[in-house]
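The values are calculated or read from the model by the stated rules, or taken from the named source; none is laboratory data. Keep in mind that what you see is a predicted model, and the values were worked out from it rather than measured. Every residue, glycine as well, gets a Cβ built from its backbone with ideal geometry; the counts of neighbours run over all protein chains shown. We work out accessible area using only protein heavy atoms, side chains counted, and drop any ligands, DNA or RNA first. Shrake-Rupley method; radii C 1.70, N 1.55, O 1.52, S 1.80 Å.
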There are 2 protein chains.
Amino acid sequence: MEKIEKLSVKEFMDKLYSSMPAPGGGSAAALGACIGAALAGMVFNLTTGKKFYNEYDDSVKEKINKSLLRAGELKDEFLELMDEDINAFNKVMAAFKLPKESEEEKDIRSRSIQEAYKGAMEVPLKMARKAIEIFDLLEISAKYGNPNAISDAGVGALFALSALESAVLNVRINLAAIKDRNVVDTASRECEGLLELAKERKERIIELVEGKL
Amino acid sequence: MEKIEKLSVKEFMDKLYSSMPAPGGGSAAALGACIGAALAGMVFNLTTGKKFYNEYDDSVKEKINKSLLRAGELKDEFLELMDEDINAFNKVMAAFKLPKESEEEKDIRSRSIQEAYKGAMEVPLKMARKAIEIFDLLEISAKYGNPNAISDAGVGALFALSALESAVLNVRINLAAIKDRNVVDTASRECEGLLELAKERKERIIELVEGKL
């Protein structure tokens with residue numbers, strides 16, 4: 001299947017709006033995280049080489065340059081995650097279509113559905129973990145980045161948080177179908193921790209931004 | 001200039017990441033709002049014609065069908081706003097490039113800059129007002145929409161809020177350059193009101209979503 005990132009922005013939104021089950025909220029979450037990573041990168045790109053940048057210590061310059069590169073990688077990784085999310089969702093759909101005549105078929109189908117739901121839960125969980133990294137970059141961008149682009153760092157933090165919260169909603173809707181209590185409890189706990197951390201990190205970045213607005 | 005919506009998702013994100021000043025946080029905010037509107041539409045599209053839909057009263061069906069159409073319009077309007085934001089930003093850049101040799105030129109330039117900043121502030125303010133409408137649709141989708149897509153309504157609400165908050169950040173960074181206290185005070189007050197309303201609306205939708213997860 002063609003990669004989602006090749007769709008035009010208009011085509012992506014039209015497909016999201018449509019009754020096609022994918023792309024859905026999972027891909028939207030990845031797109032939001034991608035916005036956060038891209039905006040961090042934008043602030044760094046508007047920073048390197050500028051007069052105030054040249055006056056920074058080498059350690060700060062290195063931090064900025066590493067963050068610029070990492071933001072670019074994360075941007076691409078979140079674009080990939082849009083496809084991963086759709087593929088995982090399609091596996092759930094496929095499992096439901098397995099035959100269910102004999103007892104053996106019913107058993108295979110039911111185990112396949114469970115496995116597929118676990119796969120569909122793991123993609124947004126990975127997304128949520130990765131979204132935390134955006135806050136690391138955005139905090140550096142809000143501290144040392146071009147002050148003319150300070151609102152972009154803020155927008156990045158707002159999107160990183162909603163992307164992470166959205167990813168968690170997508171973990172939870174899949175968990176609702178998973179019977180293995182161990183899997184459910186472990187993933188739920190991890191999500192709680194990620195949500196709490198993300199809210200703190202976003203607040204810290206918004207404070208930095210508001211201080212410079 | 002070619003419309004932003006024609007860029008591929010990958011091209012859009014690469015440009016956002018780059019040192020090109022536009023697209024920036026303003027277009028990102030519009031894109032986030034577009035995600036919210038598109039997801040509301042998706043939930044309605046997964047609702048109409050379904051068995052549970054056919055059992056609704058005509059008044060509910062009408063509400064759903066009107067909301068489905070409005071979500072599609074809003075999706076397109078937010079895509080348009082990405083270009084409007086870039087155009088308004090370019091006018092600020094152009095005003096700064098006006099000649100400033102004579103006193104008369106300085107005066108014209110300074111008034112042009114002020115006018116351009118007002119224009120650049122008005123686009124995200126319009127965006128924020130329009131984002132409130134997404135909550136109206138999402139609330140209907142969370143109440144009456146396909147329960148299998150309930151997490152999509154939740155993701156929509158998270159993005160509608162971060163889009164509105166981002167739009168307000170973009171209003172505020174432009175207000176910081178505007179000297180007319182009247183304009184600044186009026187816009188600031190309106191933003192405060194919109195933020196408060198949006199947070200309430202988002203909470204209400206998330207409660208509905210969590211109740212059905």
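Sort out which residues of region A:41-56 are surrounded by fewer than 19 Cβ atoms within 10 Å (Cβ to Cβ), closer than 21 Å to residue A:205 by Cα and either of a type outside the set (A, V, I, L, M, F, W, C) or facing chain B (nearest Cβ under 9 Å) (or both), and write them in order of number. Scanning region A:41-56 gives A:48, A:53, A:56. Residue by residue through region A:175-190, note down the ones that are of a type outside the set (A, V, I, L, M) and either at pLDDT below 95 or open to solvent by 70 Å² or more (accessible area, probe 1.4 Å) (or both). Selection gives A:179, A:181, A:182, A:186, A:189.
Each row is one residue, and each column tells you yes or no for (1) in contact with a helix residue (DSSP H, G or I) (Cβ under 7 Å, 6 or more places away or on another chain); (2) modelled with pLDDT under 95; (3) part of a loop (DSSP other than H, G, I, E, B).
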residue	(1), (2), (3)
B:1	no, yes, yes
B:5	yes, no, no
B:11	no, no, no
B:22	yes, yes, yes
B:30	yes, no, no
B:38	yes, no, no
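Taken over region B:191-213, the criterion of being in contact (Cβ under 8 Å) with a residue 40 or more places away in the chain, farther than 14 Å from residue B:165 by Cα and either open to solvent by 90 Å² or more (accessible area, probe 1.4 Å) or touching a Lys or Arg at 6+ places or on another chain (Cβ under 8 Å) (or both) is satisfied by B:204, B:208, B:213.
The test for being surrounded by fewer than 24 Cβ atoms within 10 Å (Cβ to Cβ) and modelled with pLDDT under 95 holds for residue B:148. For region A:95-102, the criterion of being open to solvent by less than 80 Å² (accessible area, probe 1.4 Å), assigned to a helix (DSSP H, G or I) and either over 19 Å from residue B:19 (Cβ atoms) or more than 10 Å from chain B (Cβ to nearest Cβ) (or both) is satisfied by at least one residue. Taking the listed residues B:67, B:59, the one that is more than 14 Å from every other protein chain (Cβ to nearest Cβ), in a helix (DSSP H, G or I) and hydroxyl-bearing (Ser, Thr, Tyr) is B:59, with no other qualifying. Within region A:12-25, identify whether any single residue is out of contact with any strand residue (DSSP E or B) (no Cβ under 8 Å at 6 or more places or on another chain) and at positive phi, and answer yes or no. Within region A:12-25 (the criterion being out of contact with any strand residue (DSSP E or B) (no Cβ under 8 Å at 6 or more places or on another chain) and at positive phi), the answer is no, since none of the residues qualifies. Does residue B:82 meet the test of being in contact with a Ser or Thr (Cβ under 6 Å, 6 or more places away or on another chain) and either assigned to a helix (DSSP H, G or I) or facing another protein chain (nearest Cβ under 8 Å) (or both)? Considered against the rule, which asks whether it is in contact with a Ser or Thr (Cβ under 6 Å, 6 or more places away or on another chain) and either assigned to a helix (DSSP H, G or I) or facing another protein chain (nearest Cβ under 8 Å) (or both), residue B:82 comes out as yes. Mind checking which residues of region A:138-189 are closer than 24 Å to residue A:113 by Cβ, assigned to a loop (DSSP other than H, G, I, E, B) and either more than 13 Å from chain B (Cβ to nearest Cβ) or in contact with a Phe, Trp or Tyr (Cβ under 7 Å, 6 or more places away or on another chain) (or both)? Of everything in region A:138-189, those that are closer than 24 Å to residue A:113 by Cβ, assigned to a loop (DSSP other than H, G, I, E, B) and either more than 13 Å from chain B (Cβ to nearest Cβ) or in contact with a Phe, Trp or Tyr (Cβ under 7 Å, 6 or more places away or on another chain) (or both) turn out to be A:177, A:178, A:179, A:180. What about residue A:167, is it in contact with a helix residue (DSSP H, G or I) (Cβ under 8 Å, 6 or more places away or on another chain), closer than 17 Å to residue B:213 by Cβ and open to solvent by 20 Å² or more (accessible area, probe 1.4 Å)? Here the answer is no, as residue A:167 does not meet what is asked.
Scanning region B:65-90 for residues that are of a type in the set (D, E, K, R) and either closer than 17 Å to residue B:126 by Cα or buried (at least 18 other Cβ atoms within 10 Å of the Cβ) (or both) yields B:70, B:73, B:75, B:76, B:77, B:80, B:83, B:84, B:85. Scanning region B:1-40 for residues that are of a type outside the set (Gly, Ala, Ser), open to solvent by 10 Å² or more (accessible area, probe 1.4 Å), within 7 Å of chain A (Cβ to nearest Cβ) and without any contact (Cβ under 8 Å) to a residue 24 or more places away in the chain gives B:6, B:7, B:10, B:17.
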